[in-house]
Amino acid sequence: MIIKYILITISIISMALSSEIVKIPEASGIDYCKDSNTLVVANDEGWFYQITTSGKIINKQKIKKYDLEGVVCNKKNFMFAVENKGILKVNRKTYKRKLIKIDTTYKGKDMKLFDKDSGIEGIAKNDDYYYLAKQSKKKKKSFIVIIKIDKNRADIIDIIKHKIPDTAGLTYYKNHLYMVSDKKNKIIKYDIKKRKIVKEVKLKDMAQEGIAFDKEGLLYIADDNGKVIKIKSVF
């Protein structure tokens, strides 16, 4: 019998390995900044926070009129997933911002990234490509688009149909995509090359909407209930 992937279930007791490091209202996305050894956390109401890996808030900024749902920390810019608009590029020093619009067509078909009731909820980066998670309660409507940005425009170059409902957060770490499913309360490890799930981790009930790893492999979860969780050992 061929085992397609390994399922690991973590009980609430084993989650004693985790701890709340900071309270942040409506934390909807998170990423690790390698150059500064800090984290950036996005908020549904347009705020973003820069914090240490121990949870100390060192800066916070308000970006008006944007529902920030995920974030990638690049050397010069933060790249925020904005639920119903696209990607917002924010300079890390000046906070000057620019909205990057996405051509939602792929092979002549509109992928409907920005439906009335659902939009993009997570963002990750691998090399020059960005991955955007389209969130939906239905498996068939939940997928990831791979995009390439050229100046202030983005085009879809591929689709990952993973059939995972309610994908609310993404990150790229050691050649794999990691997703959080808000509906399933799971972390999913996904092999991009093989296009399959290789591991699932069950979490205790929370409103997970963002995921990131630091340089030591420690895991951080942005919880929409208003906090950031640090997990010592899961993968």
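What follows is calculated from the coordinates using simple rules that are stated; it is not laboratory data. Predicted model, so just to flag it, every value in this text is computed and none were measured. Backbone-built Cβ (ideal geometry, glycine too); neighbour counts: all protein chains shown.
FRET efficiency for the pair residue 127 and residue 65, taken as 1/(1 + (r/R0)^6) with r the Cβ-Cβ distance and R0 = 41 Å, rounds to 0.85.
Counting beta carbons within 10 Å around each of 176, 162 and listing the fewest first gives the order 176, 162. Size of the chain from its Cα atoms: along the principal axes, largest to smallest, the extents are 47, 45, 31 Å.
Test of understanding: what is the full-extension gain from residue 34 to residue 115, defined as 0.36 nm times their sequence separation minus their Cα-Cα distance?
Value of the extension gain: 25.8 nm.
Value of Rg to Rh for segment 147-235, rounded to two decimals, is 0.99; Kirkwood radius and Rg both from alpha-carbon coordinates.
In sequence order, segment 184-190 has phi-based couplings of 8, 6, 9, 9, 10, 9, 10 Hz under the Karplus curve 6.51 cos²θ - 1.76 cosθ + 1.60, θ = phi - 60°, and Gly or Pro positions carry x.
Fewest-first ordering of 166, 31, 205 by other beta carbons within 10 Å of each residue's beta carbon gives 205, 166, 31. Think of each Lys and Arg Cβ as +1 and each Asp and Glu Cβ as -1; about the Cα centre, that makes the dipole of segment 6-231 roughly 620 debye. Projecting the Cα atoms of 201, 171, 113 onto the charge dipole of segment 6-231 (Cβ charges, centred on the Cα centre) puts 113 farthest toward the positive pole. Cross-link pairs exceeding 30 Å in C-alpha to C-alpha distance, out of 98/163; 107/215; 148/232; 109/189; 148/199, comprise 98/163; 107/215; 148/232.
Calculated FRET efficiency, residue 151 to residue 196, Cβ-Cβ distance, R0 = 30 Å: about 0.30 to the nearest 0.05. What percentage of all Cα-Cα pairs in segment 31-170 are separated by more than 27 Å? Roughly 18 percent, once rounded to a whole number.
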